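The values are calculated or read from the model by the stated rules, or taken from the named source; none is laboratory data. Everything quoted here is computed from the prediction, not taken from an experiment. Every residue, glycine as well, gets a Cβ built from its backbone with ideal geometry; the counts of neighbours run over all protein chains shown. With ligands, DNA and RNA removed, areas are computed over all heavy atoms of the protein, side chains included. Shrake-Rupley method; radii C 1.70, N 1.55, O 1.52, S 1.80 Å.
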Amino acid sequence: MSGLGAEPERSVIQIMTFSQQPVWDAPWRFESIRRSSGSGFFIRGKRIMTNAHVVSWAKQILVHRYQDPRPYLARVKFIAHDCDLALLEVEEESFFNGLEPLKFGDLPKVRSAVVTYGYPAGGEQISYTRGVVSRIELQTYAHSGNRTFLTVQTDAAINPGNRGGPVVQDDLVVGVAFQGMPGLENTGFFIPPPVIHHFLKDIEDGYYGGFPMAGIRVVPLQNPAYRRYLNLPDNDLGARADSLLPVASTEKLIQPDDVVLRVGKHEVGSDGTVLYEGNRVSASAAFQTAQRGENLPVRIWRKGKETDISLPMNVYLGDRSVGNQYDVLPRYFVYGGLVFTPLTLDYMKTLGQGWRDSANAELTYELYYRRNEAPDRSRTEPVVLASTLAHPVNANFKISSRALVDQINGIRIDRLEDVVRAFESATNTHHVIEFVPNHAFETLNRAGAEAAQAEILKTYGVPKDRRL
């Protein structure tokens, strides 16, 4: 292996980020400024590639060249929170003097050796960690929390400072180091070339749209009797479309219980996998080969015969609330000291480590399961009473927080704008706020709430009553 011969470390960049996140249960507030470090590397086009999580919520980004004490100011040019990649740019032209862009290689083979470059946390010098590729599969990317992409596992440990650094094989970048796994020692994961190239292709139009989704859940179809019932050939090909996300273009072309035989150039095995560059992985990898706006050829089995369709591939945002959110401030509305905000994963995490326990069962069910189990009763954007800013006008409230809002003044709350409309259009003397479950309700004196509004906002340092 010749990974050190070309000295790729000279193109590895140390990144220092000063970031500030919002407080999700008091959305007008911010946490204190946090300093963190990461790594990146220089690529063609005078750009630095790194992880999205290294520079998320950044207020300031400083970068250092190899063995150069001078800090340079950088900024985010493109960021992809779904696949945890970002590109930075530096205005100071002298930063690029003598820098050689690193080039990308192919998806490495299992059992082949790689070297991870980066600046580990707590140190100022670059480190080199040798490892062996042990597995290639689809895994959930921790940064987004709700997206699964191709991932390469190595026995080289990856710590926070190394993240964003290049994984090199034969002088070529074959991945971007990005996460470890709790409980596993000497194990790291990196983002492989297919995901990196998808990101770089996406931004060619000057905008990052994201990985598209077909919205098809494919499950194994290995029961011999059922396969004979469907008149499927005995060739171990074809997996069943078990359910669909509410993606209109997919719902027009795919039906539940269709058998998916081929996606793009990849045949789908009866276990719901495809052979991807010599690796048996989930069929989702085949759907991810398409760019947003493209049509993907898909072959299905329906009513005893093969059918070829051209499936439009678009970005799906319907599950945004169940993933971590970045760089967009949380929405809220404060009225009479009652703080309303959308139900999201970020809000749930404010409830502490055990936020999935029985005390929050209704919120967990609403966030994760109702859209699948009872879609006719699901809400576009469920809203919670996040907290109550204590004041005599709401002194008798027994429900003070963590409650899912059902109706206000008889208006069903499907999204945050409905809360605003329900309060501002009211004419009765009292507001009636109903919660899920069991129609528990509270009342608020309308005249008293309106009279106290300005005082409450001032007392608690809330600059505006809403962010919509």
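What the table shows:
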read-out: Prolate/oblate/rounded call for region 228-294, Cα gyration tensor, a/c under 1.5 rounded; value: oblate
read-out: Thr344 accessible area, 1.4 Å probe, all protein chains in place, Å² to nearest 10; value: 10
read-out: Region 38-95 - Kirkwood radius from inverse mean 1/r over Cα pairs (Å); value: 11.6
read-out: Per residue value of the accessible surface for the chain (all protein chains in place, 1.4 Å probe), Å²; value: 47
read-out: Sulfur and carbon atoms: percent of accessible area, the chain [1.4 Å]; value: 48
read-out: With at most 13 other Cβ atoms within 10 Å, longest stretch of the chain clear of loop chymotrypsin sites (Phe, Trp or Tyr not before Pro) (DSSP); value: 1-206
read-out: FRET efficiency for Ala395 and Thr307, using Cβ-Cβ distance with R0 set to 56 Å, rounded to 0.05; value: 0.30
read-out: Debye intensity ratio in log₁₀ form over the Cα atoms of region 1-113, taken at each q of 0.10, 0.13 Å⁻¹; value: -0.36, -0.57
read-out: Glu31 versus Phe104: modelled label distance in nm, points set 7 Å from Cα along the beta carbon direction; value: 3.1
read-out: Largest-first ellipsoid semi-axes for region 365-466, taking √(5λ) over the Cα gyration tensor eigenvalues, angstrom; value: 25, 14, 13
read-out: Quotient of Cα Rg and 2.2 N^0.38 Å for the chain, N being how many residues it contains; value: 1.12
read-out: Length released on extending from Arg421 to Asp205, taking residue separation times 0.36 nm less the Cα-Cα span; value: 73.9 nm
read-out: Lysine pairs within the chain, Cα separation less than 27 Å, 8 or more sequence positions apart or different chains; value: 24
read-out: Cα convex hull of region 252-405 - mean projected area over all directions, nm²; value: 13.3
read-out: Top positive-direction residue, dipole computed over the chain with Cβ charges, set Ile433, Phe78, Leu107; value: Ile433
